[in-house]
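Data block below; observations after.
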Amino acid sequence: MLVNGKWQKKWDPVQSKDAQGRFVRQSSAFRAAPSAARVMTAVDDVEALGLKLYVAYICPWATRTLIARSLLGLDHYIPISVVEPVLSDSGWQFGDFPGSTPVAEETITYIHQLYTTTDPAYSGRATVPVLWDAGAGAIMNNESADILRIFNHDLRPLHRSEIDLLPVAQASQIDQFNQGIYESLNNGVYKAGFASSQQAYEEAYTGVFATLDRLEQHFSEHQFAVGEQLTESDIRLFVTLVRFDPVYFSLFKTNRQCIGDYSALSAYLERLLQIDAFSQNTRIDHIKSGYYSIKALNPQGFVPAGPQLSWYRYLQDR
């Protein structure tokens, strides 16, 4: 991590922990949005908009933004750079892993350089996604929840998509659904995997499966997370579900049962994977290579050959 703008130590998956050994996630530091004036003058002009998205396919938070970018037709306006799935001792870096952006195509080698360019005295972790403001030469936003809404709302004058990921009529329900899955499931799998005590692990494990049981009942009656259309809640849930069986079940020890054992959740996952924006931004090779490289959880670094999942057929070209 960075301390006063200097890289101090090797990357550590445990960001922080409380007195009971519970994993504590760092809050995002940069939370701005583009001005309306910039958006209105950037029609069909990528350089005028001046935004770039830095992502990792392994990362569920970054994948949220990639899916929204594709769903809303922002691929033309916002270029991306993809880091390698395996974190180096200096954190996220560019390289030659298939599907990653080569170092030769970038002006930086490590994501943490974006943070110190923005704030030379920055202290904290250097995470993805990063929405970069090329004109200012600084990070505009590094919070995926914000970036989803920037793409959906602030950049609507550009994409004019028929898709609305946050309809006003369902906004409170969407916020409620998001809150209902974040700590217990999206972050809950990490709280189980990176717990520093048996108590913390069992507490997180229980929360994960209580939420999955509740969601199984929900999707036995509903097609979408909220209402009758695709919303940001579906994106936020998808990125965890799609990583569960290949990674979280075994590596994070959330192993009571797989998503494949839930009929309604499995059907929901497959429905989403039939949408290009979801399948094209899901790289199982990055996901498995990245997570199983975490030495604290997998010292030998072996990447499992399995599991063979029915929904892999939607990713056959990836």
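The values are calculated or read from the model by the stated rules, or taken from the named source; none is laboratory data. Since this is a predicted model, take the numbers as computed values, not measurements. No Cβ is skipped: glycine too gets one built from the backbone with ideal geometry, and neighbour counts run over all protein chains shown. The accessibility values were calculated without ligands, DNA or RNA, using every heavy atom of the protein model including side chains. Shrake-Rupley method; radii C 1.70, N 1.55, O 1.52, S 1.80 Å.
Numerical summary
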{"quantity": "Count of residues meeting criterion [of a type in the set (A, V, I, L, M, F, W, C), at pLDDT 95 or above and touching a Pro at 6+ places or on another chain (Cβ under 9 Å)] in region 151-188", "calculated": "1"}
{"quantity": "Among (1) buried (at least 17 other Cβ atoms within 10 Å of the Cβ); (2) under 19 Å from the mean Cα position of the chain (by Cα); (3) within 24 Å of Ile67 (Cβ to Cβ); (4) not β-branched (Val, Ile, Thr) - the single one Phe194 does not satisfy", "calculated": "(3)"}
{"quantity": "Conditions (1) assigned to a helix (DSSP H, G or I); (2) hydrophobic (A, V, I, L, M, F, W, C); (3) out of contact with any His (no Cβ under 9 Å at 6 or more places or on another chain); (4) within 30 Å of Ile163 (Cβ to Cβ); number of the one not met by Ala264", "calculated": "(3)"}
{"quantity": "Close pairs from region 288-317: first over 18 Å from Ala192 (Cβ atoms), partner open to solvent by 30 Å² or more (accessible area, probe 1.4 Å) and assigned to a helix (DSSP H, G or I), Cβ under 6 Å, at least 6 apart", "calculated": "Trp311/Glu270"}
{"quantity": "Test: residue in region 268-281 that is surrounded by 19 or more Cβ atoms within 10 Å (Cβ to Cβ), under 21 Å from Phe97 (Cα atoms), in contact with a Ser or Thr (Cβ under 8 Å, 6 or more places away or on another chain) and not charged (D, E, K, R)", "calculated": "yes"}
{"quantity": "Flag for Val43 being modelled with pLDDT of 95 or more, part of a loop (DSSP other than H, G, I, E, B), open to solvent by 10 Å² or more (accessible area, probe 1.4 Å) and hydrophobic (A, V, I, L, M, F, W, C)", "calculated": "no"}
{"quantity": "Lone unmet requirement of (1) touching a residue at least 40 places away in the same chain (Cβ under 8 Å); (2) open to solvent by less than 70 Å² (accessible area, probe 1.4 Å); (3) in a helix (DSSP H, G or I) for Leu241", "calculated": "(1)"}
{"quantity": "Restricting region 4-20 to residues that are open to solvent by less than 60 Å² (accessible area, probe 1.4 Å) and modelled with pLDDT of 75 or more, the residue that is nearest to Leu87 (Cα to Cα)", "calculated": "Gly5"}
{"quantity": "Pair list, Cβ under 6 Å, 6 or more apart: region 194-208 residue in a loop (DSSP other than H, G, I, E, B), other residue open to solvent by 40 Å² or more (accessible area, probe 1.4 Å) and among the charged types (D, E, K, R)", "calculated": "Ser196/Lys17"}
{"quantity": "Selection count where residues are loosely packed, with under 15 Cβ neighbours inside 10 Å and outside any helix (DSSP H, G or I), scope region 286-318", "calculated": "14"}
{"quantity": "Residue ID - surrounded by the fewest Cβ atoms within 10 Å (Cβ to Cβ), chosen from residues in region 89-116 that are assigned to a loop (DSSP other than H, G, I, E, B) and among the small types (Gly, Ala, Ser)", "calculated": "Gly99"}
{"quantity": "In region 47-80, residue farthest from the chain's Cα centre (by Cα) [restricted to those that are outside any helix (DSSP H, G or I) and surrounded by fewer than 20 Cβ atoms within 10 Å (Cβ to Cβ)]", "calculated": "Gly50"}
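Here is a yes/no grid of residues against (1) modelled with pLDDT of 95 or more; (2) of a type in the set (D, E, K, R):
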| residue | (1), (2) |
| --- | --- |
| Leu273 | yes, no |
| Phe278 | yes, no |
| Thr282 | yes, no |
| Asp285 | yes, yes |
| Lys288 | yes, yes |
| Val303 | yes, no |
| Tyr312 | no, no |
| Asp317 | no, yes |
